[in-house]
Structures are given as C-alpha cells and as structure tokens.
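*Asks:* Below is a structure I'd like to ask you about.
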Amino acid sequence: MRLKIVKARAHTNIALIKYWGKKNTDIIIPMNNSFSLTLDHFYTDTKVTYDENLKKDSFSLNGEEIESQNVFNFLDYVRQLSGKNGFVKVESINHVPTTAGLASSASAYAALAAASSKAFGLDLSRKDLSRLARRGSGSATRSIYGGFTEWIGGDNDLNSYAKPFQENVEWDIRMIAAVVNSKPKKITSRSGMQTVVNTSPFYGEWVKNANNSIPLIKKAILDKNFTTFGEISEENAMKMHALNLTAHPHFSYFEPQSIEIMQAIEQLRQDGIEAYYTMDAGPNVKIICEGKNSEVIQKALKLKFPEIELLESKPGKGIQFLD
C-alpha cells in the first residue's frame, strides 16, 4: 500500500449528562458515565493521506499547518495499532468554533480516528472506533454515533466506550447555540476538570448524581416527556458549573451575557414557552427546545441580544466516510 486517501465526517455532540473528570488521564477514562445528543449543524471533515514517500506526519486545520503534539501522539498510537511504519498527511476542516465550548474536539478526534485508522489499513467496528476516538478527546467517543448516545465510563481501555441509545431520533428536538464568545477559552476543559477532581469537596456527590440521572433521562426520551428531559439536562449542567465555583482555585466559564441568556430562557418558561439550557466548558449557552417553539425563542433572544449569533441544530448523524 503506497498511497491511500480516506475522508471522514464527524459531528459534534453536546453532553446532556456531563463528563467532568477522569479516573485515568493518560487514556481518558471518565469518573462517571455521560449522555449526549449529536448535532447536525457542527461537524469536522478530515482527509488523511497515507503515503510511503512521506518522511513525517503533518497536520493542517482550516488550511493552516499546525504542530500539534496531541494529534501526532494520536497518530503514533494508530500507527502502533496498524503495525505499519508509514506517515500520513492530515487535513481537517472544522465547521465549529474551535475551543469555545462547542465540542470541536469531539468532532475533530472522531473524524481523525475514523479516517486515520482506515488510512493505516485498519477496519474497526464502531465500538472500537469509539474507544480509539476517546484517546484523543473524551467527548469524541460519543461522536462516533448519531442521536442520543451514552458513554460507558468503565475502568480500562477495553470497557470504556460509547454506545447508541437512540440514533434515529423521532422526537422534534432542537438545540440553539447562543454564541456569546467564539474565542478560545482561558481555562481548557482538561485543566478545569482536573482542578475540580483534585479540590472540590462536592465532587463525589456529583459523580453519584450524574450516574443516577442517566436512566431518568433515558426514560424521559422514551416517554417523550420534554419537561423532565429539559429539567434533568439543565440541572446537570448547573451542577457541573457549581463544581467549578467550589474548586481551588475557583473558576467560572460564565460571562455576564451567559447569565443574561439563561435568565431570558427562565423568563420564557414563566411565559409558557418551554425551553431549557445547558453549558459546557465555555461561555456559550445551548438552548434545548422542541421544534414548535424554536422560532419564537430565537425571535425573543434576537430582540434582547441583537448582536448574538444563534445557530440551530437538529439531531445529527454518526461517523460518515466521504467519497
């Protein structure tokens, strides 16, 4: 095999029950299970070219050459799995604001896992692709699948992987991202969660509560009980961010406008328009609603925050190989 080119697309996912902390930082084993929704609006396309004439790996993101040791370490691991000694050229296009709390690393490493493994001659099951993607970014383990997905935390490399709960989502669920700030965040997810694990006195309760919430949110999905579904998602996100405020040193991803948007969603609920919010490691607020309410919610937010970009998503697909 002198030359092989593989292209893959992976969509981001937003955790409704968050992963926030690792048992094993080297191979990314989480403290608790997590549960997510894959989104159609945000995705990464990655092209991997295996060429025996290459002398080293290369990586470009959105057309810019980047010396990313994390990506090169990941490729070393794929090379080791394949038993091949060749190098690859990786070209990624991110249709997601990078490092702004919109899960760009999830789609990035899921797409890289799919394209690089196939370029190196591996033919992995989706379960094993999920395990491989996890080595690059924890949340990437869930982006192998579409729709609602659970990451089984496990305690070793073999038993920590994602599995689909409901890939073909028949419920008209929408997620609206209110982009408060698309610039890279000051505190990375990895740094933030490790500070919390090491120093928050409430961390043990968080783990128990998160694990207990997953069967409840699954039932709400099967019952199409939007109120329970939204309440569980919102409460889990706020509990995660509360941990950050109880760490040492304490920190927050909220910006003033993040809080104002959350308050606006609470007011909409009081006015009879049902919507809930969630936030990951970044200032951007994700609003969960049913399709029938999406337009009125966006109009209300645009009226109050005319400068804010609103990006609507529906449930997205799992990993795809592109021609």
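*Asks:* Looking at the structure I just gave you, is Asn236 of a type in the set (S, T, N, Q), surrounded by fewer than 21 Cβ atoms within 10 Å (Cβ to Cβ) and at pLDDT 95 or above?
*Replies:* So Asn236 fails the test.
*Asks:* Conditions first: (1) in a strand (DSSP E or B); (2) under 21 Å from Ile152 (Cα atoms). Ser233 passes all but one, so which condition is the exception?
*Replies:* (1)
*Asks:* Quick test of your reading of the structure: Arg134 fulfils all but one of (1) charged (D, E, K, R); (2) farther than 28 Å from Ala114 by Cα; (3) open to solvent by less than 10 Å² (accessible area, probe 1.4 Å). Name the failing condition by number.
*Replies:* Only one criterion in (1) charged (D, E, K, R); (2) farther than 28 Å from Ala114 by Cα; (3) open to solvent by less than 10 Å² (accessible area, probe 1.4 Å) is unmet by Arg134, namely (2).
*Asks:* Taking the range 1-45 as the region of interest, how many residues are outside any strand (DSSP E or B), farther than 22 Å from Tyr161 by Cβ and not aliphatic (A, V, I, L, M)?
*Replies:* Qualifying residue count for the region: 1.
*Asks:* Turning to a different aspect of this structure: So is Thr195 among the β-branched types (Val, Ile, Thr) and over 17 Å from the mean Cα position of the chain (by Cα) or not?
*Replies:* Yes; evaluated as a whole, the condition is true for this residue.
*Asks:* Next up: Of the residues Gly147, Gly153, which single one is at positive phi, at pLDDT 95 or above, open to solvent by less than 20 Å² (accessible area, probe 1.4 Å) and among the small types (Gly, Ala, Ser)?
*Replies:* On inspection, the qualifying residue turns out to be Gly147.
*Asks:* What residue, among those in the range 105-122 that are more than 20 Å from the chain's Cα centre (by Cα) and touching a residue at least 40 places away in the same chain (Cβ under 8 Å), is most open to solvent (accessible area, probe 1.4 Å)?
*Replies:* Applying the filter and picking the extreme gives Lys118.
*Asks:* Which is aliphatic (A, V, I, L, M), surrounded by fewer than 14 Cβ atoms within 10 Å (Cβ to Cβ) and either within 19 Å of the chain's Cα centre (by Cα) or under 21 Å from Ser189 (Cβ atoms) (or both), of Leu245, Leu303?
*Replies:* Leu245
*Asks:* Of the residues Glu67, Glu52, which is among the charged types (D, E, K, R), at pLDDT 95 or above and over 24 Å from Gly147 (Cβ atoms)?
*Replies:* From the options Glu67, Glu52, the qualifying one is Glu67.
*Asks:* In the list Thr12, Thr49, Thr38, Thr44, which residue meets the criterion of being surrounded by 18 or more Cβ atoms within 10 Å (Cβ to Cβ) and in contact with a His (Cβ under 6 Å, 6 or more places away or on another chain)?
*Replies:* Testing whether each residue is surrounded by 18 or more Cβ atoms within 10 Å (Cβ to Cβ) and in contact with a His (Cβ under 6 Å, 6 or more places away or on another chain) leaves just Thr38.
*Asks:* Please count how many residues of the range 156-170 are in a loop (DSSP other than H, G, I, E, B) and either buried (at least 20 other Cβ atoms within 10 Å of the Cβ) or touching a Gly at 6+ places or on another chain (Cβ under 9 Å) (or both).
*Replies:* 5
*Asks:* I would also like to ask the following. If we only count strands (runs of 3 or more DSSP E) wholly inside the range 242-316, which ones have 1 or more residues that are modelled with pLDDT under 95 and in contact with a strand residue (DSSP E or B) (Cβ under 6 Å, 6 or more places away or on another chain)?
*Replies:* Where strands (runs of 3 or more DSSP E) fall fully within the range 242-316 and carry at least 1 residues being modelled with pLDDT under 95 and in contact with a strand residue (DSSP E or B) (Cβ under 6 Å, 6 or more places away or on another chain), they are 309-313.
*Asks:* Against the conditions (1) over 19 Å from the mean Cα position of the chain (by Cα); (2) open to solvent by 30 Å² or more (accessible area, probe 1.4 Å); (3) closer than 24 Å to Gly153 by Cα; (4) touching a residue at least 24 places away in the same chain (Cβ under 8 Å), where does Tyr203 fall short? Just the number, please.
*Replies:* (2)
The values are calculated or read from the model by the stated rules, or taken from the named source; none is laboratory data. Only a predicted model underlies this, so the values are computations on that prediction, with no experimental measurement involved. Here the Cβ is made from the backbone with ideal geometry for all residues, glycine too, and neighbour counts use every protein chain on show. When the accessible area is computed, the model is the full protein with side chains, heavy atoms only, and any ligands, DNA or RNA have been set aside. Shrake-Rupley method; radii C 1.70, N 1.55, O 1.52, S 1.80 Å.
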